[in-house]
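Undergrad: Below is a structure I'd like to ask you about.
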Number of protein chains: 2
Amino acid sequence: MKKKELGESPVVVAQEGSVGLVETKYLSFAEPFLLDNGKQLGPITVAYETYGELNEEGDNVILIEHALTASAHAAGKNSPDDKNPGWWDVMIGSGKSFDTDRYFVICSNILGSCYGTTGPSSVNPETGKPYGSSFPVITISDIVRAQYELIKHLGVKSIRSIAGGSMGGMQAIEWALLYPGMVDSLILIATAAKSSPQSIGIHKVGIQAIMDDPNWDGGNYYGEDPPEKGLSIARMLGHITYLSDGWLWEKFGRKHDDSDKIKSDLNSKFEIEKYLEYQGSKFVKRFDANSYIYILRALDIYDAGEGYANLEESLKRIKCKKVLVASYTTDWLYPSYQSSELVDALKANNIDVTYNEIDSPYGHDSFLIDYEKLNPLIKSFFNSL
Amino acid sequence: MKKKELGESPVVVAQEGSVGLVETKYLSFAEPFLLDNGKQLGPITVAYETYGELNEEGDNVILIEHALTASAHAAGKNSPDDKNPGWWDVMIGSGKSFDTDRYFVICSNILGSCYGTTGPSSVNPETGKPYGSSFPVITISDIVRAQYELIKHLGVKSIRSIAGGSMGGMQAIEWALLYPGMVDSLILIATAAKSSPQSIGIHKVGIQAIMDDPNWDGGNYYGEDPPEKGLSIARMLGHITYLSDGWLWEKFGRKHDDSDKIKSDLNSKFEIEKYLEYQGSKFVKRFDANSYIYILRALDIYDAGEGYANLEESLKRIKCKKVLVASYTTDWLYPSYQSSELVDALKANNIDVTYNEIDSPYGHDSFLIDYEKLNPLIKSFFNSL
């Protein structure tokens, strides 16, 4: 079982074209950050990485938006013996889709996360203790507006393209809505203009599992045992939704411990169960349970059409020249019909949209796994800009 | 929100044709029951209801097989003020699909459940205490063989038809495999010849949530607070899989508490979340957590092709004259391709199969909700027998 093929980190480390050693940097804001809900947070810190060089005009910029549990570390290695290259290493580098010979590529950790940007596990400067559940509800707009401060700080004048998969695509859309003058083009992969009630329901189950873990302790577990059991359950469920029914048949089928054992021991297991347990146990070592809750919530709340008669009306704000939209045939978390709705609303605003529904067996995670099908589309898109 | 339309109990109580007042009866076996895994259980008890009259030949019998969490109470009322008529009341009665004017209809609670048939919450005669997690792993074969003892006891010589939806369909298949000479026909609705790895994974998440609830206490919680939080999580997840993405859009969409609240209070909710919470809280009052675990496990283990080169070879044992198979377009828990596989394997054995993929928006629960589309198919099937 090649478990690594299915994780959130792509397997292939393409040495050729690698951005090499990179350092995660941190920008701490001078002032508290004003949130969507009117509350002040911080002053906050944003963790980020950059690859390539910014040109004098400050306009050769690609912004990479990460999904739920990734980090600013999108490419290269943080140390020579770093076993985990950046989460989109196969896409970012010299001669790659996001070509660092031509572009200055930026990726920052999202607000609410636990990889260097301020989140619930960060210390609240007012109390000297981690925020825990006193952390405010955040939105995709908050995440994007924090990135905007970073972008200004880096001297960026305009952005050639913003690319993101899944929740990263929502951030890209929100960028084009909030800062239309700055964004030339979007690359929206396996994403949607709003979360579906089914995905909200799935998130609910995961959030409840975390909150019901006694170790969660109202969200204030820092310095004590974290709610690993609840977080593991949430992650196991997440993993099922990232893959596809067909791929699970292909990869695991009904393989299980020997038949006598499976019929006599309640703790015997199917391969799919072992795989999920492995994913859960791996995840709890690297991610904060409160961050998981707050980021899922930002996802739930997101609706690019909010405040407008419909999505088409809302997208009138976008001034992009071109948009690339890609969905995957077996993605049931962000199904193709959600990409189609986005495409229709963009086209209705006379935006030049290229839409591809990519045939891939891996479900939602196709955007991380099946990069060979994505690469030519993105390269061709950049050539057309 | 008409919550009742979506629950496990159909809404409509058709007074006309009702079987009226019925009593749940209990058959206690004289001897311990030999399980698939070689262990002895009991002596066990089986709870059952019957509707209509058995003819002299003992061959006007319809066996109704219930799904995961239902009971022997399939039709009529258990008392004049019974607010919950039997779970398939719309289908069973005078002039209904399962016509009690012509047939003697039997439904029994499955082994491992908590509605009168022996399960983990039953008292182990050897210890005088509830089995808890000392209850043995059970299989669909065990469930069916317990039913066979009941059928013999009732004087049944042969069965005109066995009908079941979801897990009920698996029992029907197993009946035809174990007792081919007794079964004239099968009605298999929203079912499959084996559980998919995706469904096993989903079950895993629910089982883990129950087992991680401190109140589960290794399965020996009887007389103390039961693991309601874990069971509620398992049920919420189950409910998502019983419905469909499209139906959730239709029914709940993205409706939520007012926008200011949803963006500032982590405990504010979307309608879909309230619905799931309601379903979870309702369920924990009526179902035993250990029963839920053991029955899910029986589902996971089931494979009608087990021990044979493939499903087609295994189904050579079936001597049925006719089989009706129905699946639903929006059922993603037991998708139509699983019914198609079953149909192909039956047809390869020259069994007369009628297959209908029914267009219905309600997902897997269509077999309980959209009975108006099912009724004519079943009536026509009985007319053809």
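Undergrad: So which residues in region A:175-227 are at the interface with chain B (Cβ under 9 Å from one of its Cβ atoms), assigned to a loop (DSSP other than H, G, I, E, B) and under 19 Å from the mean Cα position of the chain (by Cα), if there are any at all?
TA: Within region A:175-227, A:Ser195, A:Ser196 qualify.
Undergrad: Does A:Ala163 meet the test of being over 20 Å from A:Val284 (Cβ atoms) and part of a helix (DSSP H, G or I)?
TA: When the stated conditions are applied, A:Ala163 does not pass them.
Undergrad: Can you tell me which residue is surrounded by the most Cβ atoms within 10 Å (Cβ to Cβ) among those in region A:307-332 that are under 21 Å from the mean Cα position of the chain (by Cα) and of a type outside the set (A, V, I, L, M, F, W, C)?
TA: The qualifying residue surrounded by the most Cβ atoms within 10 Å (Cβ to Cβ) is A:Tyr328.
Undergrad: Looking at this structure, is B:Ala163 closer than 21 Å to B:Tyr294 by Cβ and not hydroxyl-bearing (Ser, Thr, Tyr)?
TA: No; evaluated as a whole, the condition is false for this residue.
Undergrad: Please indicate, with yes or no, whether at least one residue in region A:220-237 is within 25 Å of A:Ala146 (Cβ to Cβ), outside the structural domain of A:Asp344 (by TED's automatic domain parsing) and surrounded by fewer than 20 Cβ atoms within 10 Å (Cβ to Cβ).
TA: Yes - at least one qualifying residue is present in region A:220-237.
Undergrad: Taking region A:130-159 only, how many residues are of a type in the set (S, T, N, Q) and within 11 Å of another protein chain (Cβ to nearest Cβ)?
TA: 4
Undergrad: Picking from A:Ile110, A:Ile187, which residue would you name as being touching a residue at least 12 places away in the same chain (Cβ under 8 Å) and under 21 Å from A:Ser380 (Cα atoms)?
TA: Selected residue: A:Ile187, the only one of A:Ile110, A:Ile187 that is touching a residue at least 12 places away in the same chain (Cβ under 8 Å) and under 21 Å from A:Ser380 (Cα atoms).
Undergrad: When you scan region A:243-301 for helices (runs of 4 or more DSSP H) that lie fully inside it, which ones turn up with 3 or more residues that are more than 10 Å from chain B (Cβ to nearest Cβ) and surrounded by 16 or more Cβ atoms within 10 Å (Cβ to Cβ)?
TA: Of the helices (runs of 4 or more DSSP H) lying wholly inside region A:243-301, those with at least 3 residues that are more than 10 Å from chain B (Cβ to nearest Cβ) and surrounded by 16 or more Cβ atoms within 10 Å (Cβ to Cβ) span A:271-286, A:289-301.
Undergrad: Checking the structure you have, find out if any residue of region A:244-251 is among the polar types (S, T, N, Q) and within 20 Å of B:Tyr294 (Cβ to Cβ).
TA: No, there is no match, as no residue in region A:244-251 is among the polar types (S, T, N, Q) and within 20 Å of B:Tyr294 (Cβ to Cβ).
Undergrad: Scan region A:41-50 and tell me whether some residue there is crowded, with 17+ Cβ neighbours inside 10 Å, at pLDDT below 95 and not small (Gly, Ala, Ser).
TA: no
Undergrad: Can you name every residue in region B:268-281 that is farther than 22 Å from B:Ile210 by Cα and touching a residue at least 60 places away in the same chain (Cβ under 8 Å)?
TA: Matches in region B:268-281: B:Glu271 only.
Undergrad: Scan region A:305-344 residue by residue and report those that are part of a loop (DSSP other than H, G, I, E, B) and closer than 30 Å to A:Leu237 by Cβ.
TA: Correct list: A:Gly305, A:Glu306, A:Thr329, A:Thr330, A:Asp331, A:Trp332, A:Leu333, A:Tyr334, A:Pro335.
Undergrad: Return the residue satisfying two criteria in turn: it lies in region A:115-129 and is surrounded by fewer than 16 Cβ atoms within 10 Å (Cβ to Cβ) and more than 19 Å from A:Pro226 (Cα to Cα), and of such residues it is farthest from the other protein chains (Cβ to nearest Cβ).
TA: Taking the candidates together, the pick is A:Gly128.
Undergrad: Something else about it: Within region A:357-385, restricting attention to residues that are polar (S, T, N, Q) and surrounded by 17 or more Cβ atoms within 10 Å (Cβ to Cβ), which residue is modelled with the lowest pLDDT?
TA: A:Ser366
Undergrad: How do the pairs read when you match residues in region A:205-226 that are over 19 Å from A:Arg297 (Cβ atoms) and of a type in the set (A, V, I, L, M) with residues anywhere that are modelled with pLDDT under 95 and crowded, with 22+ Cβ neighbours inside 10 Å, using Cβ under 6 Å and keeping only pairs 6 or more apart or on different chains?
TA: Every condition considered, no pair remains.
Undergrad: Residue under question is A:Gly168, and the condition is that it be buried (at least 19 other Cβ atoms within 10 Å of the Cβ) and touching a strand residue (DSSP E or B) at 6+ places or on another chain (Cβ under 9 Å); does it hold?
TA: The answer is yes for A:Gly168.
Undergrad: A further question follows. Against the definition (more than 30 Å from A:Ser134 (Cβ to Cβ) and either more than 9 Å from every other protein chain (Cβ to nearest Cβ) or surrounded by 24 or more Cβ atoms within 10 Å (Cβ to Cβ) (or both)), how does A:Ile240 come out, yes or no?
TA: yes
Undergrad: Take the conditions buried (at least 19 other Cβ atoms within 10 Å of the Cβ), under 21 Å from A:Lys25 (Cβ atoms) and at pLDDT 95 or above and apply them to A:Thr100. Does it pass?
TA: Taking the combined requirement at face value, the residue satisfies it.
Undergrad: Suppose we filter A:Val61, A:Val90 for residues that are modelled with pLDDT of 95 or more and crowded, with 22+ Cβ neighbours inside 10 Å; which single one remains?
TA: A:Val61
Undergrad: Right, here's the next one. List every residue pair whose Cβ atoms lie under 9 Å apart, where the two residues are 6 or more positions apart in sequence or sit on different chains, the first residue falls within region A:364-385 and is without any contact (Cβ under 8 Å) to a residue 60 or more places away in the chain, and the second residue, located anywhere, is assigned to a helix (DSSP H, G or I).
TA: From region A:364-385, the pairs are A:Lys373/A:Ser366.
Undergrad: Condition (residue is without any contact (Cβ under 8 Å) to a residue 60 or more places away in the chain, in contact with a strand residue (DSSP E or B) (Cβ under 7 Å, 6 or more places away or on another chain) and outside the structural domain of A:Thr117 (by TED's automatic domain parsing)) applied to region A:257-267: is it met by at least one residue?
TA: yes
The values are calculated or read from the model by the stated rules, or taken from the named source; none is laboratory data. Fair warning: this is a prediction, and the values are worked out from it, not measured in the lab. In this analysis, Cβ positions are derived from the backbone assuming ideal geometry, glycine residues included, and neighbour counts consider all displayed protein chains.
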